[in-house]
Amino acid sequence: MRALPVGDGALLVEVASDEEAQALHAELVRRRAAGLLTVHEIVPAARTVLLDGLDDAERLARELSASEVPGAPPRGRRVVDIPVRYDGPDLSEVAARWGVPEDEVAGIHAGTEFRVAFCGFAPGFGYLTGLPARYDVPRRATPRTSVPAGSVGLAGSYTGVYPRSSPGGWQLIGTTDIVLWDHARVPAALLSPGTRVRFVPVAGPAGPAGPAGVAAPAGVAAPAGTP
Amino acid sequence: MTDRALAVVRAGALTTVQDQGRPGHAHLGVPRSGALDASAAALANRLVGNRPDAAVLETTLDGCTLRSRSEVTVAVAGAPCPVTLDGRPVAWGAPVRMPAGALLDLGTAVSGVRSYLGVSGGIIVEPVLGSRSTDLLSGLGPPPLTDGAVLPLGTPQALLHARVDVAPQPAPPAELVLRVTLGPRDDWFTPDAVRAFTSRTYRVSSASNRIGLRTEGPALERALTGELPSEGMVLGAVQVPPDGRPLVFLADHPTTGGYPVIAVVRAADLPAAAQAVPGTPVRFVVVRRR
């Protein structure tokens, strides 16, 4: 575990894997809840956890660098079921990459228990891990200019659900009507880091999913990892 | 509709409602948002007797025009601009009494980019996650002002507004000097690139917005060419996208990103960054971590 200083009051704690990042995040959230850590934001990501708004970043950096990465993340209590119609336009491409018949994609995906590794890209967007590495798929070579809200996609080792209509390069395998983000709801985000997620296949016509939401702004260069 | 309200007569190029933003939700992908020149917004509130967390208007270059339905106290801070009430010039940077029905115009900024209009009672559009700020990255909060929109106002606090003729404010920068601490990903760049970053002069790009201050200047060459997994981003992070030109993250920045951050700008220098017009020279000066 390596703690890199970020500006004057933040630390970026680096670990070796997704799973370690999730475990470290859970441990830091626990410490904060127990009053052992004073920090404004705890932001998990792929291989890091960012701690922003620390009084004494240097002291915490020493402390963290000397401590062990927690082994595995605790099993979250919260489980969210997401009903999905497996009708995405990239279903056959994903099936080909997985080396399975098209109608087995739903079974593999829905048979996996996922965990929200981290959020980002848009309010309510969770990067979900759980699929074995052999099911990793690349992003589409050419991103779509518009992906409808509720689209269920895959990229790299992640699964995600677009909370609103936006441009996107993930491989789309299905659609859900569930609302991932509703700021009038408490909590607004259906998914937060650590939430367990199961996809439940449903039949039915593929219609436009959920509210169209707010379009993403133009002109923001998307890093390679973004949906 | 309450009779305490402002009617938008001319929205201007981009006028948004801003307060201190919605920090604390970055782990859900929610940007902090809030006034880009936080000190000017705080001054506008102080001048009209509001609490520091009251919502103000943030204009972009060409001001806006408003009509009040009730008598209010207003003050303009940030980028200096001509201010008129029913066509007559009134003070900038000082409290002004605005009678019911009067027309207030904030003209084009003489220097700087963003002017802030504080109104006694504050703007009380519906908050989202505890903030009334417009977030242009994720679309949270009220939409940018449009002609004909009506903004509800709160009841003025019992606070007295500041009694000043004009409040001194820092002039918008002729040259933007941004103090930075290097890292966390300066090791992703060649030593020459780090030297160029800290010694050459960049210029503010016209592609800058509330998400980031973009620059034009020497491209920074990477030492590591791999892909950086997405990681958490802080306010003031200097991210270097593939074009090699440093980009300083401002209030509406994304909460995670996959381009390496070469350095982080001191928070105290970000108000000046919010006021730097395109073409302004920018220098990044390395300081010791506190």
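The values are calculated or read from the model by the stated rules, or taken from the named source; none is laboratory data. What you see is a predicted model, and the numbers here were worked out from it, not measured in a lab. With ideal geometry, Cβ positions are generated from the backbone for all residues, glycine too; neighbour counts draw on all protein chains shown. Please note that ligands, DNA and RNA were not included when accessible areas were found on the heavy atoms of the full protein model with its side chains. Shrake-Rupley method; radii C 1.70, N 1.55, O 1.52, S 1.80 Å.
Comparing Cα centroids, segment B:66-113 and segment B:124-197 end up 20 angstrom apart. Cα gyration tensor of segment B:185-290, axes a ≥ b ≥ c as square roots of the eigenvalues: rounded (a/c below 1.5), prolate (a/b > b/c) or oblate? Judged from the Cα gyration tensor, segment B:185-290 comes out rounded (a/c under 1.5). Overall form of the protein assembly as shown: prolate. Here a/c, set by the Cα gyration tensor axes a ≥ b ≥ c, is 1.5 or more, and a/b is the larger of a/b and b/c. Any chance you could give the angle, 0 to 90 degrees and rounded to 10, that helix B:38-47 forms with the longest Cα principal axis of chain B? With rounding to tens, the tilt is 20 degrees. Under the rule a/c < 1.5 gives rounded, and otherwise a/b versus b/c splits prolate from oblate, where does segment B:103-158 land using the Cα gyration tensor? It comes out oblate by the Cα gyration axes. Loop sites by DSSP among the GluC sites (Glu not before Pro) of chain A, restricted to those with at most 16 other Cβ atoms within 10 angstrom, leave A:114-227 as the longest stretch without any of them. Across chain B, the mean sequence separation of Cα contacts (distance under 8 Å, 6 or more residues apart), normalised by length, yields a relative contact order of 22 percent. The trypsin sites (Lys or Arg not before Pro) of segment B:163-261 that meet both conditions, a loop assignment by DSSP and at most 11 other Cβ atoms within 10 Å of the site Cβ, are B:163. Ignoring the sites themselves, chain A has its longest run without trypsin sites (Lys or Arg not before Pro) in a DSSP loop having at most 10 other Cβ atoms within 10 Å at A:78-184.
In the context of the full set of protein chains, chain A has a per residue accessible area of 43 Å² (1.4 Å probe). Residues whose amide H lies under 5 Å from that of residue A:6, counting only those 5 or more places away or on a different chain, are A:11, A:12; hydrogens are built 1.01 Å from N in the peptide plane.
Normalising the average separation of contacting C-alpha pairs (under 8 angstrom, six or more residues apart) by the number of residues puts the relative contact order of segment A:1-138 at 22 percent. Gain on full extension, evaluated as 0.36 nm per residue between residue B:165 and residue B:126 minus their Cα-Cα distance, stands at 10.7 nm. When chains B and A come together, the accessible area they lose, probed at 1.4 Å and totalled over both chains, is close to 3100 Å².
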